[in-house]
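Below is one structure, written out as structure tokens, with a few remarks after it.
The values are calculated or read from the model by the stated rules, or taken from the named source; none is laboratory data. Just so it is clear, the structure is predicted and the values come from calculations on it, not from any experiment. Because the Cβ atoms are built from the backbone with ideal geometry, glycine has one as well, and the counts that use them run over all protein chains shown. Accessible surface is based on the protein model in full, side chains and every heavy atom, while ligands, DNA and RNA are left aside. Shrake-Rupley method; radii C 1.70, N 1.55, O 1.52, S 1.80 Å.
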Amino acid sequence: QVQLVESGGGLVQAGGSRRLSCAASGRTFSPYVIGWFRQAPGKEREYVSAIRSSDGGTYTANSVKGRFTSSRDTATNTVYLQMNTLKPEDTAVYYCAIKRGVVLSSLEYDYWGQGTQVTVSS
């Protein structure tokens, strides 16, 4: 089993920044991809960003491109989602998830975190 713990959520004003963390522990594997998803009330879950452990390659959704960036610390199996220029429509529960391999585009993840709420006030 792999455990994922997210942190960094909270309330932020529009235009502000927030950094989410996702720490993986337990029976981790390599290589892996950690992805970020978000879900707002009444909306479908959205695949926001992902990063490979092997080479740091990333995926970023068009809706957040230029504002959100994923980075990693392979020594601690921690991934970060830096969110800049936040908008009220970014309000959602953000989840991280991990899967084996190097494919960024696949939405099939093996383990999920519990989610962290990000609220952007206008």
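Quick notes
- Relative contact order of the stretch 1-50, pairs being alpha-carbon contacts under 8 Å that are 6 or more residues apart, as %: 30 percent
- Highest-fluctuation residue, THR76, THR28, THR58 considered, GNM on the chain with Cα pairs under 10 Å: THR76
- Distance histogram for the chain (every C-alpha pair counted, 10 angstrom bins, percent rounded to whole numbers): 15, 50, 29, 6, 0
- Accessible area per residue for the chain, computed on protein heavy atoms with a 1.4 Å probe, is 50 Å².
- If you take all other residues with their beta carbon under 12 Å from the beta carbon of ILE98, and give Lys and Arg +1 and Asp and Glu -1, the sum is +2.
- Each DSSP beta bridge with both residues in the chain is either parallel or antiparallel, and the antiparallel ones are about 90%.
- Charge dipole (debye, nearest 20) of the chain; +1 at Cβ of Lys and Arg, -1 at Cβ of Asp and Glu: 100 debye
- Taking all Cα pairs closer than 8 Å and separated by 6 or more residues, the relative contact order of the stretch 13-100 comes to 41 percent.
- Computed over the stretch 10-62, the ratio Rg/Rh where both radii use C-alpha atoms and Rh is Kirkwood: 1.02
- Apportionment of accessible area to carbon and sulfur, the chain, percent (1.4 Å): 46 percent
- Rounded to the nearest 10 square angstrom, TYR47 shows an accessible area of 30 square angstrom against a 1.4 Å probe.
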